[in-house]
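Notes to accompany the following structure.
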Amino acid sequence: MDKKFAIIEIGSNNTKTHIYENANLVKESNVTIEFKNNYKKRK
């Protein structure tokens, strides 16, 4: 049986995504969202 799952980490400055298939990492990404800076602009 194939198992696929993702782990998504949401922080105040970065969002990280890890996608696994059968215990193997198949995709990893990191996005800087700068929540604190944008929150100050738009309140």
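The values are calculated or read from the model by the stated rules, or taken from the named source; none is laboratory data. From a predicted model like this one, the values you see are computed outputs, not experimental measurements. Note that we place each Cβ from the backbone using ideal geometry, even for glycine, and neighbour counts take in every protein chain shown.
In the chain, what residues are at pLDDT 90 or above and of a type in the set (D, E, K, R)?
Across the chain, the qualifying residues are 3, 4, 9, 16, 21, 27, 28.
Out of everything in segment 1-10 that is over 11 Å from the mean Cα position of the chain (by Cα) and of a type outside the set (A, V, I, L, M), what residue ends up being surrounded by the fewest Cβ atoms within 10 Å (Cβ to Cβ)?
Filtering segment 1-10 down to residues over 11 Å from the mean Cα position of the chain (by Cα) leaves 1-5.
From what is left, the residues that are of a type outside the set (A, V, I, L, M) are 2-5.
Numbers: 2: 5, 3: 8, 4: 9, 5: 9.
Applying the filter and picking the extreme gives 2.
If I ask for residues that are without any contact (Cβ under 8 Å) to a residue 12 or more places away in the chain and surrounded by 11 or more Cβ atoms within 10 Å (Cβ to Cβ), which ones from segment 11-43 would you list?
Selection gives 26 alone.
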